[in-house]
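Presented below is the structure to which this report refers.
None of the figures in this text is laboratory data; all of them are computed from the coordinates on show. All figures in this text were calculated on a predicted structure; none of them were measured in a lab. For neighbour counting, all protein chains shown are included, and Cβ atoms are generated from backbone atoms with ideal geometry for every residue, glycine included.
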Amino acid sequence: MVKHDVLVRGVDMQGTAQGKPVLLQMHDTDFPAHFLKDLASPNQKAVSSVTTVASSAASPATLFQPVQRIVHLAVVQLNCDTLAFPPLATTRVETAGLVVRRVYRRPATPKYIEEFKELPFAWMQSAGGKFDWVRLKAGQERLDPDPGKRPQLQSGRADLDQMLAAMSLSSAMTEVFTPAFVAPPDVCNALGRTIVYALIPTASSEVSDTQPSPPQYDRNELANNLPPFLKAGTFFAPLPGTPITSQWLSDDFLNQQASLSAADIGLFQGFTTALRMLQSVFGAFDNTPEGQKILHVLNRHNVIQNGGVTPMGSFYSSAADVLLGPATTADGTITMPTQWDSLTGPDQDDLLDALIQALTPQSAKVLAPQGRFQDSTRLYTVRIFLRIKAENPACPTQLFWSHPSEPFRIAAWYESGGQPHPPIALPDTSKLRDLAKPNASFHVPASLMNSMQGTSLSGMMKGGGGGGGITIDWICGFSIPFITICAFFVLNIFFSLLAIIFFWLPFFKICIPIPVPKPSDGDH
């Protein structure tokens, strides 16, 4: 029996074959019934919104997420690679799937298309269940996504082959894929083609288990964003000799001090900005080697405080304890220095080195692993693979791949896909009696209720004698319609405030009067 290869080529809704998988877009309500009807009747008037996505290496298309109520498909047709290219029998398709691979982001240069030939990244799951984008190596692009179906090492001894297979599978990675489907037999028969389609996943709850690499900081850029008190220059002591409490960190409190000029306030705010950055951004007071290095550089210079000399780093540390500590109160006071040493150019260079070194462990606290499609600037391609039964039943199943599709990006969730969403009905406030009954409840811990009320409600139930007191939690019931109305009012208030600054309101809020028909006996 003669063995024939299988051609996997893209095909559009009109039956025009292409080298790469064709990407289609349609409303979510059109898949699958309306899509299959249009697919089976290319010469009839379309009943779906399906369109072909135009994409190229120089101008990648944008695909949308399910939240935008749009779905995307990749479509190919299967032909025998023989005379006249007859369609492959649908019964020979054992299984099929689609993989999404990430490609390099490149600027639109003359070499753009050539650079897209670099090996892509595949979304892989390790044997231990961890996910990550893994750069494929030469020869891996056409491996079966399931490592259990890949060719295994053979030694000629069954027992040794079994051990080798187990060892290989224990460290092998599985490429995540979505199923692809052969169009129903009546559709394929009507078209005279074997059509395979797959839904392109544009959203995923899977998250990479690899911690992101720490960012690389540009020294000049970082220096430009530091407050003056952390850079070389001549300093004047802010509010010299003034006793300071945590209240002074409030802009409103500062503006109420009639004795302070705008220059005094600006100078003091420069100090508090430096203090906050040293604590929250660089972790200078966390008693770590990186924090101690920062303070060591600052301690090369001094401030004059209460008539005595205090190392600058020690003063910052004391000020952080009083003004930024977890238990800051109006009783905590620190006296501002009357003189402040200046930092030199070498001091600034050494301080920048220490700050950059401190940012690496600090960034690890806030950098979280990214989701599979979280970065909306990334580019992807899709490929369809098929496991085809051999013409001779005694022969093993063969694996065939389509070419990669044209690159595309996946829109962020907040981008508009052009599909309107049904309006959210707000309650009619004329029916307050019907809306007032609570139908949602919150379990409020005693500590939170105490903070809300400004008094210790749990103290009402303190027991006498030698026993401990009773702490009361609370169940608070609310009406969901009233919560919705309040949220709508608050939303409009904030929109109006933002519009004063950004003039956004005419672009994202449109209110149109809609006549409300009166109910009648003839309405159904």
The FRET efficiency for LYS389 and TYR217, from their Cβ-Cβ distance with R0 = 45 Å and rounded to 0.05, is 0.20
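Give the peptides 211-218, 483-490, 38-45 in descending order of average Cβ contacts within 10 Å, highest first.
On the way: 211-218: 10.5, 483-490: 12.2, 38-45: 14.0.
Result, highest mean first: 38-45, 483-490, 211-218.
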Just to confirm the number: angle between the C-alpha axis of helix 158-171 and the first principal axis of the chain, 0 to 90 degrees, nearest 10? 40
Rounded to whole Å and sorted largest first, what semi-axes of the equivalent ellipsoid does the C-alpha gyration tensor of the chain yield via the square root of 5 times each eigenvalue? 60, 37, 26
The stretch 219-366, relative contact order [Cα under 8 Å, separation at least 6], %: 37
Sum up the charges of everything whose Cβ sits under 13 Å from the Cβ of SER126, counting Lys and Arg as +1 and Asp and Glu as -1, but leave SER126 out. -3
With the convex hull built on the alpha-carbon atoms of the stretch 219-366, volume per residue in Å³ sits at 118
Which residues' amide hydrogens lie under 5 Å from the amide hydrogen of LEU119, considering only partners 5 or more residues apart or on another chain, with H built in the peptide plane? none
Two decimals is fine: what's Rg over Rh for the stretch 194-252, C-alpha atoms, Kirkwood radius as Rh? 1.38
